[in-house]
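Heads up, the thing below is written out as structure tokens.
The values are calculated or read from the model by the stated rules, or taken from the named source; none is laboratory data. If you're wondering where the values come from, they're calculated on a predicted model, not measured in any experiment. Note that each Cβ is placed from the backbone with ideal geometry, even for glycine, and that neighbours are counted across all protein chains shown.
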Amino acid sequence: MAKLERSSYDYQFDQKNEILVVRWKDNSICTMATNHDTIEPMAKVKRWSKIQKEKIDMNQPHLFQSYNKGMGGVDLLDQSVSTYRIAIRSKKWWWPLFTHMINLAMTNAWRLHVMFCEEKMDQLSFTRYVTRHYLRLSNRAQASRNKPSVPPSIAADSLGHFPKKLEKQLRCVMCHARIRWCCKKCEVTLCIERECFENFHIR
């Protein structure tokens with residue numbers, strides 16, 4: 001096919017399954033399969049001719065014309081996904097599947113937003129908005145985990161604050177090291193090897 005002239009085509013037909021496969025040479029070689037369309041009647045398309053220095057009419061199989069007229073959802077989805085695709089790479093085999101599902105969800109959510117919301121937003125702005133929203137939620141969750149639930153008045157009253165040995169290792173709320181100690185009264189995990197125990201009760 002690469003050696004043939006432009007607008008040339010070839011085809012094969014599977015009589016058992018009634019599937020037609022057509023290859024047509026345009027700027028590159030295009031291949032298409034169909035179980036309901038045909039090659040004829042041939043359509044006319046405009047293409048630039050380097051020899052004649054102008055646009056000329058070229059023959060195009062009918063199934064390619066039908067595809068161009070009916071293309072829509074899947075092609076628009078692929079285009080939107082490829083525009084702002086997640087660029088983080090990994091050697092895990094499942095990573096491309098995972099990131100592709102996120103890309104699909106983001107694209108579909110943006111389409112729904114455009115369809116049903118009065119405030120219009122382009123795809124990049126929508127992606128940034130959603131990303132910032134989840135980053136804020138993540139920061140709040142991290143802050144709530146790190147923030148002790150003990151009131152300052154109890155933590156600094158200097159009464160009954162003794163270290164207690166734990167069965168499992170946990171993170172110190174001050175330095176985040178793995179330890180087996182906590183305050184017996186506050187029930188907050190704190191280092192006794194460092195100054196975390198003292199600093200927590202005097203701050």
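Numerical summary
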read-out: The stretch 20-37 - residue that is surrounded by 13 or more Cβ atoms within 10 Å (Cβ to Cβ) and β-branched (Val, Ile, Thr) and, of those, farthest from residue 67 (Cα to Cα); value: 29
read-out: Hey, residue 106 within 11 Å of the chain's Cα centre (by Cα) and of a type outside the set (Asp, Glu) or not; value: yes
read-out: The stretch 67-81 - residue that is farther than 18 Å from residue 32 by Cβ and of a type in the set (A, V, I, L, M, F, W, C) and, of those, modelled with the lowest pLDDT; value: 76
read-out: Selection within the stretch 67-117 - in a helix (DSSP H, G or I) and in contact (Cβ under 8 Å) with a residue 40 or more places away in the chain; value: 80, 83
read-out: Odd one out for residue 7 among (1) closer than 16 Å to residue 65 by Cα; (2) at pLDDT 85 or above; (3) not in a strand (DSSP E or B); (4) not basic (Lys, Arg); value: (2)
read-out: Verdict on residue 40 being loosely packed, with under 10 Cβ neighbours inside 10 Å, out of contact with any Phe, Trp or Tyr (no Cβ under 9 Å at 6 or more places or on another chain) and acidic (Asp, Glu); value: yes
